[in-house]
1. List the helices (runs of 4 or more DSSP H) inside the stretch 107-223, counting only whole elements, that have at least 2 residues being closer than 29 Å to Pro63 by Cβ and out of contact with any Cys (no Cβ under 9 Å at 6 or more places or on another chain).
2. Please name all residue pairs, on different chains or six or more residues apart, with Cβ atoms under 7 Å, provided the first residue is in the stretch 9-22 and is at negative phi and among the polar types (S, T, N, Q) and the second residue is part of a strand (DSSP E or B) and modelled with pLDDT under 95.
3. Hey, can you tell me all the residues within the stretch 91-132 that are more than 8 Å from the ligand (Cβ to nearest atom), under 16 Å from the mean Cα position of the chain (by Cα) and at pLDDT 95 or above?
4. For the stretch 165-192, which positions are surrounded by fewer than 20 Cβ atoms within 10 Å (Cβ to Cβ), of a type outside the set (A, V, I, L, M, F, W, C) and more than 13 Å from the ligand (Cβ to nearest atom)?
5. Among the residues of the stretch 69-99, count how many are over 14 Å from Asp158 (Cβ atoms), part of a loop (DSSP other than H, G, I, E, B) and small (Gly, Ala, Ser).
6. Ala13 fails exactly one of the following numbered conditions: (1) surrounded by 13 or more Cβ atoms within 10 Å (Cβ to Cβ); (2) at pLDDT 85 or above; (3) hydrophobic (A, V, I, L, M, F, W, C). What is the number of that condition?
7. Looking only at the stretch 140-164, count how many residues are within 20 Å of Gly75 (Cβ to Cβ) and within 9 Å of the ligand (Cβ to nearest atom).
8. How many residues are small (Gly, Ala, Ser) and modelled with pLDDT of 95 or more when one looks only at the stretch 199-223?
Amino acid sequence: MLSWLRRRQAPLAPAGKLEPVAFAALFPAFPTTRVTLERLEECIGGVAMIELGYLAFLARWLPAAEVFEIGTSQGRTTLNLALNLAPGGHIHSLDLPAGYVPEAACYAPAQEVEVKHLERAAFLKPYLDRLPVTLLEGESTSFDFSPWFRRMDLVFVDGGHTQRVLETDSRNAFQLIKPGGLILWHDYTQPACPEVTAFLDDLGRQRPLRHVRGTRLVIYQGG
Ligand SMILES: C[S@@+](CC[C@H](N)C(=O)[O-])C[C@H]1O[C@@H](n2cnc3c(N)ncnc32)[C@H](O)[C@@H]1O
């Protein structure tokens, strides 16, 4: 009985090497900020509900934010970021071209099985004509991000979950942000994505990265 209870109460994210920090300690306005969330049904491979809330908050908190997301999938994070942008904000979201057969090196194995059959941007399509969203297609390690360099307030990295893809995506993320911009990565400490945890633990030795407590998010706040 006790072991069942312990399993049930296990924290969402087991310990990694990065320092965990409460989201509200980073963003004191979070507890009193109202955000809009939609399409909260089960979403395979998608972020957890509290992570969606944190992302929505950031979209609302940053004035007229320009956002770049790597990994649209069904578009639930794209939708909820877009719903919370202040007027003038915009989100650009990249995923593999339809029908693209990914190299195994793009995905973490568990996700390869799960996400490749999902309809791209399905959650987002009914809203596309009224939300400031641009859907982009390309494989992120060969995609030309340079037109967006130094323009982004927030970059969300949730595409391929292998070392090779993470290295390129993260290098691009640091070039995409404006001074003071934010980068968030997903799937830190996710058992199915060990390369994400290893990669971010390693990157954390060169950059001030924080693990958002109780989540699989890691955040970088540019100076
Ligand atoms: C975990 S899903 C994103 C989930 C989404 N952020 C959410 O929570 O709603 C990862 C997505 O990244 C895409 N992806 C994987 N490797 C990629 C690559 N090298 N370039 C572009 N997109 C990639 C996959 O096709 C998949 O749709």
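1. Working: elements: 109-115, 163-176, 194-203.
Passing ranges, in order: 163-176, 194-203.
2. none
3. Of everything in the stretch 91-132, those that are more than 8 Å from the ligand (Cβ to nearest atom), under 16 Å from the mean Cα position of the chain (by Cα) and at pLDDT 95 or above turn out to be Ile91, His92, Ser93.
4. Arg171, Gln175, Lys178, Pro179, Gly180, Pro191
5. Within the stretch 69-99, residues that are over 14 Å from Asp158 (Cβ atoms), part of a loop (DSSP other than H, G, I, E, B) and small (Gly, Ala, Ser) number 5.
6. It fails just one condition, (2).
7. The number of residues fulfilling the criteria is 7.
8. Initially, the stretch 199-223 is screened for residues small (Gly, Ala, Ser), giving 204, 214, 222-223.
Filter once more, keeping what is modelled with pLDDT of 95 or more: 204, 214.
Result for the stretch 199-223: 2.
The values are calculated or read from the model by the stated rules, or taken from the named source; none is laboratory data. Computed from a predicted structure; not experimentally measured. FYI the Cβ positions are ideal-geometry reconstructions off the backbone, even for glycines, and counts take in every protein chain you see.
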